[in-house]
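Okay, structure first, notes after.
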Amino acid sequence: MPLAALVTMLASLSLLSGLVRGDTWWVPAAVLMTVVALVSAAYRSLVGGAFAVPFLQLFAVLLLYAPLFSPETTVLGFLPTLDTLDHTGALFVEGLHTVNTNTPAVSPTPGLIVIIAMVFMVFTMTADFLAVTARCPGMVGGLLLSLLAVPLFVDDAGVSWGPAAITAIGFLALLAVDMWVRSHEWGTRVSTRRGPGTPPDGVLGRVGLAAVSVVAVVLALLLPQALPSLRTDALYTLAEGGIVANDSVTTTHPMVSLRRDLGADSDRTVLTYRTDDEEPEYLRTFALDEFDGENWTMTPVHAGRDSGVDGTLPTPPGLAFAPDEDELVTTRISLDSDTPPMDFLPLPYPARSVEIAGDWYVDESSLMVFTTETPPSGYNFVVTSAENRPGARELDTAGPPRSLTDDRLHLPQDLDERVQELTGTLVEGADSDYESALALQEFFIGGDFTYDLSPPPVPEGTDPLTHFLFEDRIGYCEQYAGAMAVMARQAGIPARVAVGYTAGKPSGEDRWTVTASDAHAWPELYFEGSGWVRFEPTPADPDGGQGTASRPDYSSGVDELPDDVAPEPNTEDEPEADESPEEGPSTAPESSEAPDEESGAATDGWDETSAVSGGQGPPGWPAAFLVGLLVLSAAALPALIRALVRRARRSAVTAGGPAAAHTAWREVRDTCLDLGMDWDLTESPRSTAARLAAVGEKGLGQETEGALWRLALAEEAARYAPDPRPVQGLQGDLGTVVAALAGSVTSGRRWRAVLLPRSLAPWRRPRIEADPVPGLL
Amino acid sequence: MSLGTQHDGHGGDVQEDVDAVATVADRVRDAIETVIEGKPDVLRITLTVLLAEGHLLIEDVPGVGKTMLAKALGRAVDCSVQRVQFTPDLLPSDITGVSIYHQDRGEFEFNPGPVFANIVLGDEINRASPKTQSALLECMAERQVSVDGETRALERPFMVVATQNPTDMEGTYALPEAQRDRFMARVSVGYPSPQAELDMIDSHGSRSPLEHLAPVTNAAEIRDLVERVQHVHVAPGMRRYVVDLVNSTRTAPELKLGASPRATLHLVRAARAHAALEGRHYVVPDDVQALAVPVLAHRLLPGPEAHMERLSPEQIVAKLVARLPVPGPR
């Protein structure tokens, strides 16, 4: 059975084949899985029992882990060290980064391989437990489903037939082996009764069975259709991360949504809107304002009573004058019902008011509007926004960013110095922030950059930013926007990355249609007096760029002032589904490991609080995890030792031999001690049996009593008879008696017996009373 | 003890031997039980002593069936039974027999006394004078009679069943310790249960059931059984257990006088018989524990402490048994 479970899980590895490139990424996973399964099989066949299996498996994995994944940190080639721990943390971070920043198929970085191997190792252990220990192989299907969900959620292509079939076959094989084992077990007994699971005999029986099967299948197919709550979009919501309590909002990585939309290259309509503006703004969904060295992420937003949307939104930061009421632009947005629900609204910037049903909240500094509930998949709302189109001169003469409360200039310390040098070169000679910004934008538009939705993977160990700027210069809006925002900060201009949609294409009078391929990311730069202003470093070429991108007037002419041009970023919208505060790194997503991706994404924004959810987090978490594991192991040690002793004794009893009776009786004794029952050395086996038979209110029952007597008499013969004869069936009797004894006490005492077995404590064992007869013993 | 007929070891011939012992003993027991009802423990000890070639001292108040027990035993086993009613004027020769001079033949002829029988019932042995008592007791120990310089062996099996009233009753001479020591076991019959007494009214009302008691075995068979009992196995641990137990009576502070080495031998022999009665060919602690009080208690002299605490020798032996660990696995 352990091997059948292994085969099943190995087959499921194929599910990831479409998501990870290369031929060898699965090898470490397969090695670990095989070891885990072999440990289980060996222990079960040689020693018997299941209790120690997980511990031994973990131990084996621990031994193998270091040589497999960080051989350079080991002692003697296999002993893990503290460096291994650090290295592990780094690997996980790297793996999560890979997951978060790439689209499928991703290249197998060591971190990703570690994550895959660990996840599959844990799944194999679980499958082993379910299929072998618990004898419920059907539940392994749950594991396989969760694995199946990975490619479904991260890859628009879904699961191809091949891996799905292989996985299904593996699962069926497991079930078949289980049936075979069961029938084999039962087959040795002659029974006139039909065991459960035996098909009924006769034509009638078979027809009935078939009918029941058909009805079950039909019901399974039809019932979900009849239940409104099981629509497929609910699954989408699940997949993209819903809302978490505590007023803090979580969502999937905005860049993941972005990447998915762009990658789909589809014309699926996300939303349509009507506006009287002839040049509508972008529709912005997210503003990512933190850069961690690799990814742009969003400062967590909070839904509070103060931040509820009741029509008017807070004043946009940085504007010199309150927007003129007459210049407000009204946009009526209809989200397509096929679009996954969005919990962040795509809005033109700066929005001044929003009319929408439900509980929505606004983040004051970024004017993002979001909800903590799961919104319906299609809804309409009306937004008014200001026309914030500063002139080039205004921008040119903007003073230092005084009214910006948050630090939007922060950058990690360890950025590649070449980036700073590059920025310095580009802005050299610029007389103002505005000129610097234009220079940066020109660098991307006019430079040697190539727009490509599927950039080649970033080699492992390379910073994606420097790779984009100095190596291949291939990317799409995410890279363009991210790089420009970083460089703007270096040039002293507060900057952030906005994610959403371009204005889309006109589809009639006043009507505009935004499709999934209009998903976009762009930098927003801050100028005192004008607020956050949109720039557009991404090429607008339909063939080699974001076709519907537009360059604001203020940013298109390097020269003088294009008067009433409207700069500023504003609108955009996004058809994606939720998002939220936490996450934020940019970049594309998808990787092969869904569970990791999700948890990884979650941790990105969360690091400290959510380390448990599994992702990277600071390298400290593996240590915490290991410490916890150690504590648990220490607590479980007595139980483990006791279980091993019991296991060894049971197999010794099964093996028979003259000592079998002694061993069995000793086990009865220790069970009694564990359960807090008396054990008197002055009692003969018979007297003990007679006493134990009366344990409990009704005694142990006739069958158990018989077993107990057989054990006692066997022990008696082994002790006192001249030629004790081996007794058969002691194993079964022992099991019966031990179970009955355990059943005769309260569950509290049972637990104590398991966790703190008294029989292991020499000082708790029965001893000969001190000097019962002086001078005698 | 409920599983007395179960046995788990195998001993080949020995096992067959003890099976035979158990079978015969069961027959005898059933036969006696038609007369003495509701006293299985007493019967078990009695049979044990018979098979261990010991002598039995029955101590109890008058009228509880002491004599009846002895008679029934004699009837069930088809062997010679002699009864001696001990009285203060009974002489030793009344027991052993005398040589009488025949003038016509000019020689002495020995007239065997009642002791020449397989089962000798000594009624109210503590009523006789110490001299007469010791004459009997000598026969018990030696299994032979010496009269006029000639030694005559007694036929086996030879078992003395002596009854005595409690020594605090009037007109009795208590047996000295040395003589009590020769009895393998002492039992008390005790009063029957009300139900047994009711049944007794019915069965004993018109005629004695003793008359209808048919023999179920004979002396030769008993001899054979006694021989077989000798082969019952006593594990080294069990020997040590018996020795430890007897020793504990010698060191117990409550006892002025402990059990003798003869007590050890008696205890081992009795334990063998006890095991065989249950169809087992090896001795287990339960045999010894069941026999400790009957075999040991009457040999002990309680000290002043026991008197102060009103501990009977039986209670002291039971306490000693309860404190002694049984032999563990070899």
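Structure values in brief
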read-out: Distance between modelled label sites at A:Val215 and A:Leu46, nm, 7 Å Cα→Cβ extension; value: 5.1 nm
read-out: Net lengthening on full extension, A:Arg393/A:Arg182 (0.36 nm per residue, minus Cα-Cα); value: 67.6 nm
read-out: Rounded to whole Hz, the Karplus (6.51, -1.76, 1.60) HN-Hα couplings of the range A:523-535, x for glycine and proline; value: x, 10, 10, 9, 10, 4, x, 10, x, 7, 10, 7, 10
read-out: Virtual spin-label span in nm between A:Glu703 and B:Glu211, 7 Å along Cα→Cβ; value: 5.6 nm
read-out: 5 angstrom amide H check on B:Arg83, placed H, neighbours 5+ away; value: B:Leu121
read-out: Inter-chain Cβ neighbour average for residues A:717-730, partner chain, 10 Å; value: 6
read-out: Spin-label pair B:Lys319/B:Glu197, simplified geometry with 7 Å Cα→Cβ offset, distance in nm; value: 3.2 nm
read-out: Two-decimal ratio, the range B:224-330, of alpha-carbon radius of gyration to 2.2 N^0.38 Å; value: 1.09
read-out: Estimated FRET transfer efficiency when R0 is 60 angstrom, pair A:Ser432-A:Leu626 (beta carbons, to 0.05); value: 0.65
read-out: Number of partner chain Cβ atoms within 10 Å, mean per residue of A:678-684; value: 4
read-out: Zero-based 10 Å bins, Cα pair distances in the range B:13-323, whole percents; value: 6, 26, 34, 25, 8, 2, 0
read-out: Additional length obtainable on full extension of the chain from B:Leu301 to B:Glu33, 0.36 nm per residue less Cα span; value: 93.1 nm
read-out: Hz values of 3J(HN,Hα) by residue in the range A:34-39 - Karplus curve (6.51, -1.76, 1.60), Gly and Pro given as x; value: 5, 4, 4, 5, 5, 4
read-out: nm² value of the averaged projected area, convex hull over the Cα atoms of the range A:388-446; value: 5.5 nm²
read-out: For the range A:637-764, alpha-carbon Rg and Dmax in angstrom; value: 13.9, 43
read-out: Kirkwood hydrodynamic radius of the range A:261-587, Cα pairs, Å; value: 19.5 Å
read-out: Burial ordering of B:Ile100, A:Ile445, A:Ile113, fewest other beta-carbon atoms within 10 Å first; value: B:Ile100, A:Ile445, A:Ile113
read-out: Ranked by how many other beta carbons lie within 10 Å on average, peptides A:125-134, B:28-37, A:743-752 from highest; value: A:125-134, B:28-37, A:743-752
read-out: Rounded if a/c under 1.5, otherwise prolate or oblate - the range A:704-758, Cα gyration tensor axes; value: prolate
read-out: Whole-Hz ³J(HN,Hα) from phi, Karplus 6.51 cos²θ - 1.76 cosθ + 1.60, for the range A:17-32, glycine and proline x; value: 4, x, 9, 10, 7, x, 10, 10, 4, 8, 4, x, 4, 5, 4, 4
read-out: Under-5 Å amide H pairs with B:Phe108, H placed in peptide plane, nonlocal only; value: B:His102
read-out: The range A:1-132 - Rg (one decimal) and Dmax (whole number), Cα, Å; value: 15.3, 47
read-out: Per-residue average of Cβ from other chains inside 10 Å of A:538-547; value: 0
read-out: Cα shape, the range A:624-700, gyration tensor, a/c 1.5 rule; value: oblate
read-out: Sequence-distant residues sharing a close amide H with B:Met159 (under 5 Å, placed H); value: B:Ile119, B:Val120
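Only the coordinates and a few stated rules stand behind these numbers; no lab work does. Just so you know, these numbers come straight off a predicted model, no measurement behind them. Cβ atoms come from the backbone with ideal geometry, glycine included; neighbour counts cover every protein chain shown.
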